[in-house]
1. Keeping all protein chains in position, work out how much accessible area L331 exposes to a 1.4 Å probe, and write it in Å² to the nearest 10.
2. Given a 1.4 Å probe and every protein chain left where it sits, what share in percent of the accessible area of the stretch 246-332 is carbon and sulfur?
3. I need the GluC sites (Glu not before Pro) found in the stretch 103-202, filtered to DSSP loop residues with at most 12 other beta carbons within 10 Å of theirs.
4. Leaving out ligands and nucleic acids, and using a 1.4 Å probe, what accessible area per residue does the stretch 325-370 come to in Å²?
5. Nearest 0.05, what FRET efficiency do R282 and I164 give at R0 = 41 Å with Cβ-Cβ as r?
6. Counting Lys +1, Arg +1, Asp -1, Glu -1, what net charge surrounds A240 among other residues with beta carbon under 15 Å of its beta carbon?
7. Excluding ligands, DNA and RNA, what is the solvent-accessible area per residue of the stretch 123-206 at a probe of 1.4 Å, expressed in Å²?
8. Return the loop-located GluC sites (Glu not before Pro) in the stretch 362-395 (DSSP other than H, G, I, E, B) with at most 12 other Cβ atoms within 10 Å of their own Cβ; answer none if there are none.
Amino acid sequence: VTVHRESSTPTEVAYKATFANFESEGFMPMKGLQVSLRTREKSDKVLLVANIPTCLPESHDGVCWTLKRGEYYIGPQHASWTRELGRLENVLMPWVDEPDKARLELDYSLHCRLKASVKVSKEQERRNLTAVLIPGGQVTTARSHEPLAVESGRWYDVPGLQQISATNKGEKVLVVCTIKYTALWSDEMTRGRFSIFCDGAPLDGESYGLQSVRALQQGLKRTLVMALVHDPEPGPHLYAARAVVTAEEGETRVCHLDDDDRQLALIRLPGELVFGPSRCSRATLVDEDRWTEIEGMSVKAVLPSAKEKVLVVYNVNFNPMEMNYETYFTLFRTSSSGSMTNLGQMDQGTWSVASSSAGSSEYPVGMFTDSPGAGEFTYSVHARTRRCDHMPEATPVEVGPDGQIAAVLLPAGGAPKTGGGGGRCGRGNSGGGRWSGSGSRPTGGNGGSRPPKAGGCPPKAG
């Protein structure tokens, strides 16, 4: 079953010194982003995906976001750190929850903590929270809290993030990884690189990594996301998250993996529910302040009914030609009649990367739930570059050659999405429309949530 909540009404969240906020460590609920459902079996898992388009009306040290199941925090906190007034930053928060109890009523919600204020959906961008109930036999997860200091020179295995998925013929694997880190450097030439390997081979064919993180402020804490759909051969496969730091020759830099929740989730999907993945065919030069389609980054999906939803998953790398850059990415949906819809903000899309940021995830990644109605639709990734700082014109950037896009048909059921800001939260149960699969039982996974606390780019990696 899929339960989805969505709103595009502009709202401003401001800090309030209340007793309730003090009890919840300063976290305030995000109105309209609550969903509810019920497990059927003890082994059922819940895939959660939240997208929050944010921008700051005043300069301060960012906003923390977290997911909750009831009063329990799940997953790491995500921080938005864009300090440019008015520039869009989309916060993507995926997590696979493991309630570990049959017929359990689950209430999920999104919360934020801040020192001043933040605007959400300022230009009527879509913010949403999706919960997908999945039979436990189709999911394997690995979780860890063990810290690690990642240095230059070689790939390091991320402690605890190794997991096996045994696929059947025709199945594909949705791979989702979330890691919290601290950047212990403050220069433009250093990057923390992260990737996922399957049976010893990286899932990014050109070895740039699936995510690249930068920092101009030492001690910056962020949470990175990697997500893609993999189409392996039938049989057991070992997936592993790895990290490395690339820096100028002779320089030693460290990326610290924090003592906080991190997760590698592998979700086996019936092949008939997955469109793609389509892969980036080559690097696309983007040198204008207009939306430019990225070659190879499009996928066609067919939705049999108006009740169906689709989860669009994409990732791509990019390389700016200068040290000063400001680049935006978005998803377009094109109907069979040729009508195109930008699923993000008209000018800034769904993802932004700029050299003026104190820190950022450089490689765009998206997990976006869409309800276009019945019919055939094409989803494609576009980018644009914009003049920034003292530059006389927009900095050219290359997007690709690594990247892919896929569309996953979500199981029917639950409450439909709602526009606007009010109304009750969506609620569903697991009575039908579940992803069905056969084969291996989960080989791992531990815990589902933690209780409230008491009280340009460098060379390829490796």
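1. 0
2. Its accessible area is 43 percent carbon and sulfur atoms.
3. none
4. Roughly 26 Å² per residue, with all protein chains present.
5. 0.80
6. +1
7. 32
8. Taking the stretch 362-395 and a limit of 12 other Cβ atoms within 10 Å, the loop GluC sites (Glu not before Pro) found are E393.
The values are calculated or read from the model by the stated rules, or taken from the named source; none is laboratory data. Model, not experiment: these values are computed from the prediction. In this analysis, Cβ positions are derived from the backbone assuming ideal geometry, glycine residues included, and neighbour counts consider all displayed protein chains. Quick note on the areas: whole protein, heavy atoms, side chains included, nothing else; ligands and nucleic acids left out. Shrake-Rupley method; radii C 1.70, N 1.55, O 1.52, S 1.80 Å.
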